[in-house]
Amino acid sequence: MKQQAIPSSAFAPRPGVENWMRQFQDWLCHRLEMADGGSRFAHEEWTHPGGGGGITAALQHGAVLEKAGVSFSAVWDQLSEPMARQLRVKDRHYYTADVNVGLHPHSPMVPISHLNVRYFEARTGEAWFAGSLDLTPIYVDVVQARWFHEQIRAMCQRHDTGYYPRFKAGADAHFYLPHRGETRGVGGLFFEQLMVERDGLFEELLAFVQDVGEVFGRTYGTLMRQNAHLPYSAPEKHWQQQRRARCAEFNLTVDCPGRSELAAHGPQQFALGLPPRAEWHHSPAPAPGSAEARTQQWLRPGVDWLAPTGAA
């Protein structure tokens, strides 16, 4: 049976989110283009069967970024009954808007990074924000990891003193590969169902999500400029391909199954977030005392990146 589109007039979600997300997509693409200096994003519009659609922006073969995706969507649809029960919403008709970002640089000296910010509203008016950002360095630079966490903590502190420890712990748990016994990188923030009214006014929560987007673009642009010209050789590139494989494993086994129903992006979106190249080897073990082994030691939950030594 063909799914019927739900007209946008079915209900009117709170204004402001969609416009900001469109503007944020443009702002982030421009910022990444300036930091890359070698390529530009190509934009492709798409429509969603239930109603609405989005814009997928893709950059390939840049000077710094080998592959980057910044996608925007705003759609209407209907939840399955199991998902409606899971989200505890009374009306299955919903609107959601989000921006999803995945960045894969050429150089193993430049970290991989990811961002997602989402707004969800049921037809009854129940509404929440969600989001995540994380940093996945191929080689962990403790000074840069600490700086990254200092930036996101300072941003969180402007909104709620409990946000950073709560959402940092959420990232440690979420960005974890149980079959590997390691985290994907050095973590960041992860929050789900930050409810309008229960957790803050709509305007307050939107302002926080806007700052999450800003701190992501600002910090990643800085790391691109700092690391893009650092030298590397074949062994570092080989290690990068193995770490990229961990990102692919996370997307395939942890992230996608948990959010597939609300992943309202176009058909190319899932592939856009995957690394362009990756390698899997049987029982790879870094040499003791190597830079790769030192990085491996940091890939665990509970690291206090704000402590002088990054102690757990």
- Using beta carbons and a limit of 7 Å, which pairs, at least six apart or on different chains, have the first residue in segment 181-197 and free of Cβ contacts under 8 Å to residues at least 60 places away in the same chain and surrounded by 24 or more Cβ atoms within 10 Å (Cβ to Cβ) and the second one acidic (Asp, Glu) and in a strand (DSSP E or B)? 188/134
- Inside segment 205-248, can you point out the residues that are touching a Leu at 6+ places or on another chain (Cβ under 9 Å) and surrounded by fewer than 17 Cβ atoms within 10 Å (Cβ to Cβ)? 221, 248
- Query: Within segment 118-142, restricting attention to residues that are touching a strand residue (DSSP E or B) at 6+ places or on another chain (Cβ under 6 Å) and hydroxyl-bearing (Ser, Thr, Tyr), which residue is farthest from residue 88 (Cα to Cα)?
  - Reply: 136
- When segment 46-83 is examined, which residues are found to be of a type in the set (D, E, K, R) and under 20 Å from residue 115 (Cα atoms)? 66, 67
- Query: Filter segment 288-312 for residues that are closer than 23 Å to residue 179 by Cβ and in a loop (DSSP other than H, G, I, E, B); which is modelled with the lowest pLDDT?
  - Reply: 312
- Task: Could you tell me which residue of segment 18-39 is surrounded by the most Cβ atoms within 10 Å (Cβ to Cβ), considering only residues that are at pLDDT 95 or above and polar (S, T, N, Q)?
- Result: 25
- Message: Need pairs with beta-carbon distance below 8 Å; first residue within 11 Å of residue 133 (Cβ to Cβ) and at pLDDT 95 or above and within segment 151-164, second of a type in the set (S, T, N, Q) and assigned to a helix (DSSP H, G or I); sequence gap 6+ or separate chains.
- Response: 151/219; 152/219
- Message: For segment 102-149, give me each residue that is over 19 Å from residue 79 (Cα atoms), surrounded by fewer than 20 Cβ atoms within 10 Å (Cβ to Cβ) and of a type in the set (A, V, I, L, M, F, W, C).
- Response: 142, 143, 147
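The values are calculated or read from the model by the stated rules, or taken from the named source; none is laboratory data. Model, not experiment: these values are computed from the prediction. Cβ coordinates were reconstructed from backbone atoms using ideal geometry, including for glycine residues, and neighbour counts include every protein chain displayed.
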